[in-house]
Amino acid sequence: MLIKRPDDILPSEITPQDLYLDRRRFLLLGAAGAAGLALSGNAFAALAAKKSLLSTGERMNTLKEITGYNNFYEFGTDKGDPAEYSGQFKPRPWAVTVDGDVLKPRTFSIEQLMKLAPLEERIYRLRCVEGWSMVIPWIGFPLSALLKQVEPTGKAKYVAFQSVLRPSEMPGQRDDVLAWPYREGLRLDEAMHPLAILAVGLYGNVLPNQNGAPIRLIVPWKYGFKGIKSIVRITLTDKQPPTSWNLANAHEYGFYSNVNPEVDHPRWSQATERRIGDFFKRKTLMFNGYADQVAGLYRGMDLRKNF
Amino acid sequence: MAAPTPSARPPAPGLPRFLGPLKALLFIAALLPLARAAWIVASGQAVNPIEFITHSTGTWTLTFLLITLTVSPLKRLTGLGWLLKLRRMAGLYAYFYGVLHLATYLWLDKFFELHAIARDIVKRPFITVGFAAIVLMTPLAVTSTQGWMKRLKRNWGKLHKLVYPVAILGVLHYWWLVKKDVSQPALYATILAILLAERLIRRWAEQAKQRRLATPASKAA
């Protein structure tokens, strides 16, 4: 049991800002950071969330692993950089604009987004394109719940996402490693899939800065880099949107980037992965083990061409 | 410059007394990166320990290769002949970390799956060049002794020119493996380029000098 708050407390009854500013938790977070040790979700759960049948029962990675080993190039290209250099980043106040081919374009505050739908705990596998994986207890809500609010028009076929651009708070953005701001995209049917969520929390707490605070995308059947972090804009379009890693190297990173053990990265095999914490490598599963739920989205498509 | 002795090396200038203790000190110092890596892994500070060991042993291989290549320019610059007495140790440590790097890959990454390893070497250019580099280093490590130096005579120097392709392949191996941010491999590449350029320039200068000395008449005509 991760979350000790009873399930009958709805996220809507919680004022995230109060919790966010709660000094006791702040001190605890600081102490945990100093110790560099796992901050257990048990004692100081800040976000109530329902359990989900879509969660995996696999052993979860520790909070230390999840918050200490990150690819978030906005804070630097080393795995330890996001934890080290994200302290100046201010995830509140925050707003996300949803526009494009929609009937009701709108800007949502982070507080509104967190009350948009009941928050759920989704324990998902995350497979990085580099060949490692983790199991992470996200807290979030289906992306479809947000998209339904703005009512996509018949023209909308794709969803484009954009990260925040704040070089003053994100030291990695002062280098041109990628074309900033970070961009990602999904086909509309992928975005509407119940497995695709917007995460606002992790291990019972609000999302740490290094994991994409305050709101990020999680698409568990795709490589991790598709899960764009610190989102400020979501735009519905009729054309396939440009995506950061595809722009950086189209030969190596496709628009779809579905986890696929049979389609190697040009420079390394994707057949196996190392689950962080394991000694032996394991076989990578088609669609990261979510084939039963998502394979239908790609029926008839050549996944070697549409990698 | 002219060496009438049969030895492949210039006659030893009076070696300083501190050379022995200095060698012992450097021998221990060169093990510190390994001790540090072992400590980080053993104390659980590395989230992905095998990746950490791979990267650490790899970058230290390159570092020791570059140190090896820095010895003779440094000797020319300072005139301290005894510096050359430290070069073999630097080169052997490059090989030591290189073998650890290779072993990490063969054992902890591939678990000695020969098919997967062979496929990697053929299919993945960064593995091809990295593997080539460690293979080419092996004869250099084997023939690093005084005995081999005497046996191979002039050929010893020729054989050990292999260190240049080894260093180039090593840097290329690093460059090709990074996902996007090449700043680290670029650092190694820059230092290697400077070390290689120094040798090329010196060689051109020597050749020009020799031409002048060899054909003074034709020049004058």
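No value in this document is a laboratory result; all are computed from the given coordinates. Given the structure is predicted, the values throughout are model-derived calculations rather than measurements. Glycine gets a Cβ as well: all are built from the backbone with ideal geometry, and neighbour counts include every protein chain shown.
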Problem set entry | Zone residues, segment B:54-77, relative to B:LYS161, backbone N less than 14 Å from point 7 Å out along Cα-to-Cβ | none
Exercise. For the protein assembly as shown, what percent of Cα pairs sit more than 41 Å apart?
Worked result: 35
Exercise. Among the trypsin sites (Lys or Arg not before Pro) within segment B:127-188, which fall in a DSSP loop and have no more than 15 other Cβ atoms within 10 Å of their own Cβ?
Worked result: B:LYS153, B:LYS180
Exercise. How about segment A:242-289: which GluC sites (Glu not before Pro) there lie in a loop by DSSP and see at most 13 other Cβ atoms within 10 Å?
Worked result: A:GLU262
Problem set entry | Structure-based [θ]222 nm, the protein assembly as shown - -39500 (n - 2.57) summed over DSSP H runs of at least 4, per residue, nearest 500 | -12500 deg cm²/dmol
Problem set entry | Cα-based Rg and Dmax for segment B:1-131, where Dmax is the largest Cα-Cα distance (Å) | 19.0, 58
Problem set entry | Tensor-based shape of segment A:200-296 (alpha-carbon gyration tensor, a/c under 1.5 rounded, otherwise prolate or oblate) | oblate
Seminar exercise, completed: With Rh as the Kirkwood radius over Cα pairs, segment A:150-266 has Rg/Rh of 0.96
Exercise. How high is the relative contact order of chain B, in percent, with contacts defined as C-alpha pairs under 8 Å that are six or more residues apart?
Worked result: 19
Problem set entry | Sum of side-chain charges, A:PRO194 neighbourhood, beta-carbon under 13 Å (Lys, Arg +1; Asp, Glu -1) | -2
Exercise. Relative contact order, percent, of segment A:69-139 when contacts are C-alpha pairs under 8 Å separated by at least 6 residues?
Worked result: 16
Exercise. How big is the convex hull of the Cα atoms of segment B:105-174, per residue, in Å³?
Worked result: 99
For this session: Can you spot the lysines whose alpha carbon is less than 24 Å from A:LYS155's alpha carbon? Ignore those fewer than 8 places along the same chain.
Result: A:LYS104, A:LYS226, A:LYS239
Exercise. Based on the Cβ-Cβ distance of B:ILE201 and B:LYS23, what FRET efficiency does E = 1/(1 + (r/R0)^6) give at R0 = 22 Å, to the nearest 0.05?
Worked result: 0.10
Seminar exercise, completed: Treating only Lys and Arg (+1) and Asp and Glu (-1) as charged, each at its beta carbon, one finds that segment A:11-298 has a dipole about its Cα centre, in Debye to the nearest 20, of 340
Problem set entry | Per-residue average of Cβ from other chains inside 10 Å of B:179-190 | 3
For this session: With +1 on each Lys and Arg Cβ and -1 on each Asp and Glu Cβ, and nothing else charged, work out how big the dipole of the protein assembly as shown is about its Cα centre, in Debye to the nearest 20.
Result: 2900
Exercise. Just how many pairs of Lys in chain B have C-alpha atoms closer than 27 Å, counting pairs that are eight or more places apart or on different chains?
Worked result: 28
Problem set entry | For segment A:11-298: Kirkwood Rh in Å [reciprocal of mean 1/r, alpha carbons] | 19.2
Problem set entry | Lys/Arg +1, Asp/Glu -1 at C-beta; the protein assembly as shown dipole; positive extreme among B:THR57, A:ILE110, B:GLN207 | B:GLN207
For this session: Quick one: grab the alpha carbon gyration tensor of segment B:21-211, order the square roots of its eigenvalues as a ≥ b ≥ c, and give me rounded if a/c is under 1.5, else prolate or oblate depending on whether a/b is larger than b/c.
Result: prolate
Exercise. What number comes out for the charge environment of B:SER56, summing +1 per Lys or Arg and -1 per Asp or Glu over other residues with Cβ under 15 Å away?
Worked result: -1
For this session: Positive end of the charge dipole of the protein assembly as shown (Lys, Arg +1 and Asp, Glu -1 on Cβ, about the Cα centre): tell me which of A:ALA83, A:ALA160, A:VAL219 has its Cα farthest that way.
Result: A:ALA83
Seminar exercise, completed: Per-residue average of other protein chain Cβ atoms inside 10 Å, peptide A:262-274 -> 3
